[in-house]
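Student: Please find one structure pasted underneath; my questions will follow.
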Amino acid sequence: MDGIEAPVTKPHQPGNGIRLLIELGRLVVFLGAYVLLKGPSAIFISTFVFMVAMAAAMVVSKLKLGHISAMLWVSGAMVLVMGSLTIWLHNDTFIKMKPTIYYTMVSGLLLFGLITGRPMLKLVMDGAFPGMNELGWRKLTRNFMIFFILMAVLNELVWRHSTTQFWLGFKLWGALPLTFLFALSNYPMALKHGMKDTSADDAFSGKSEDQ
């Protein structure tokens, strides 16, 4: 519109859209399958559907983004293992505990990174916080480590004290938005520690194209 095409052609924007689709898509499929199927076997069939959706998400990530992130590899492996146990043993406890184990594992890895001085979070989130200095990364790592511990506790409370349908809804409408909001809440801190604010650059680029 009005000849301003530069912001639309920025490569990181479609990448962000694909990442959102990868995160939302598999959860929507999981919840949708459970709601549509109903009955005592719904959770087991929808778990299998979730496993297929996770595999599809990894393929899409490889084709559209050129790689599969470490976090997606870990999540995919856990869905395969916990989903298989859920179906094989006919016990939905395994798939419900998967987020708890995942959050705890990630928190442990972040703690290990803090102790050893290895910027593990930087390897997977550098594109979201470009230019941030090492002190900023340490603070962000600490914040996410605490956040994931709290999310592990929250997942345990939800699945143990609610219905399966409520737990599935929480995963889509609770856990995922909370993660996005938490990441956004760290942007002011990141800006104080050298993160480059690309919004001004994008606006300038769009303006120059228009001229």
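The values are calculated or read from the model by the stated rules, or taken from the named source; none is laboratory data. Fair warning: this is a prediction, and the values are worked out from it, not measured in the lab. Cβ sites come from the backbone with ideal geometry, for glycine too, and all protein chains shown count toward neighbours. These area figures cover heavy atoms from the full protein model, side chains too; ligands, DNA and RNA do not enter into them. Shrake-Rupley method; radii C 1.70, N 1.55, O 1.52, S 1.80 Å.
Student: Once phi is turned into ³J(HN,Hα) by the Karplus curve 6.51 cos²θ - 1.76 cosθ + 1.60 with θ = phi - 60°, what whole-Hz value does each residue of the stretch 167-175 show in order, with x for glycine and proline?
Tutor: 4, 5, x, 5, 4, 7, 9, x, 4
Student: Tell me, what is the 1.4 Å probe accessible area of Ser162, in Å² to the nearest 10?
Tutor: Its heavy atoms expose roughly 40 Å² to the probe.
Student: Select from the stretch 28-98 those trypsin sites (Lys or Arg not before Pro) which occupy a DSSP coil region and have at most 10 other Cβ atoms within 10 Å, ordered by residue number.
Tutor: Answer by residue number: Lys38.
Student: For labels at Leu135 and Ser185 in the simple 7 Å Cα→Cβ model, what's the distance in nm?
Tutor: A separation of 2.3 nm, rounded to one decimal place.
Student: Only Lys, Arg, Asp and Glu count, each charged at its Cβ (+1, +1, -1, -1), so figure out the dipole size of the stretch 76-176 about its Cα centre, rounded to 20 debye.
Tutor: Approximately 140 debye in magnitude.
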